[in-house]
Amino acid sequence: MYRRVLVGGLTAASILGAGGTALALTGSDGGAPSGKGKLAGQHAGKGRLLKHLQHAEIVTKNAKGFVTHELIRGTVTDVSATSITVQSADKTSETFTVNGDTKVRVRSGGKGAASSISKVAKGDQVFVAGVGASTPTAKHVVDIKKKS
């Protein structure tokens, strides 16, 4: 159950760009939280951490083995119907494969809306979360701010 919470938290964090991993990182055994007090305070701390995240690699273990999760926030340097390359502020670059399972969202005015990879342009600011070690597959692409 803990692994499901961790993966669910990572997915939520990648979509929201905020502290969706609070429950996962508290070491919960999957039980429902009893109130907002302690969990809400921890959530705020993790949100600040993720707000400043530039890139990360997280390895989890499931019943089939180890899974590598790649996260990056930065500028799109190349994009096509089958891939996206993102460069973070520290010049780290990551290329993800894009397929039919990749969820693309555009975030504007604090709200997100479904989109497609064809709407993502070179120069856009994005947050990408994917799985895989050598060439990860993008699971979520959030277009944070459009190029002006």
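Tabulated values for the structure
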read-out: Net +/- balance of residues flanking T97 in space, Cβ distance below 15 Å, scoring K and R +1, D and E -1; value: -2
read-out: Above-threshold pairs, the threshold being 24 Å between Cα atoms, out of K61/K122; K64/K111; K51/K91; K61/K91; K64/K139; value: K61/K122; K64/K111; K61/K91
read-out: Listed residues E70, E57, E94 arranged by accessible area, highest first, probe 1.4 Å; value: E57, E94, E70
read-out: Net charge, T137 excluded, C-beta distance under 14 Å - Lys, Arg +1, Asp, Glu -1; value: -1
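The values are calculated or read from the model by the stated rules, or taken from the named source; none is laboratory data. As the structure is a prediction and not an experimental result, all values here were calculated from the model. Ideal geometry is used to build each Cβ from the backbone, glycine not excepted, and the neighbour counts take in all protein chains shown. The area values use the complete protein model at the heavy-atom level, side chains included, leaving out ligands, DNA and RNA. Shrake-Rupley method; radii C 1.70, N 1.55, O 1.52, S 1.80 Å.
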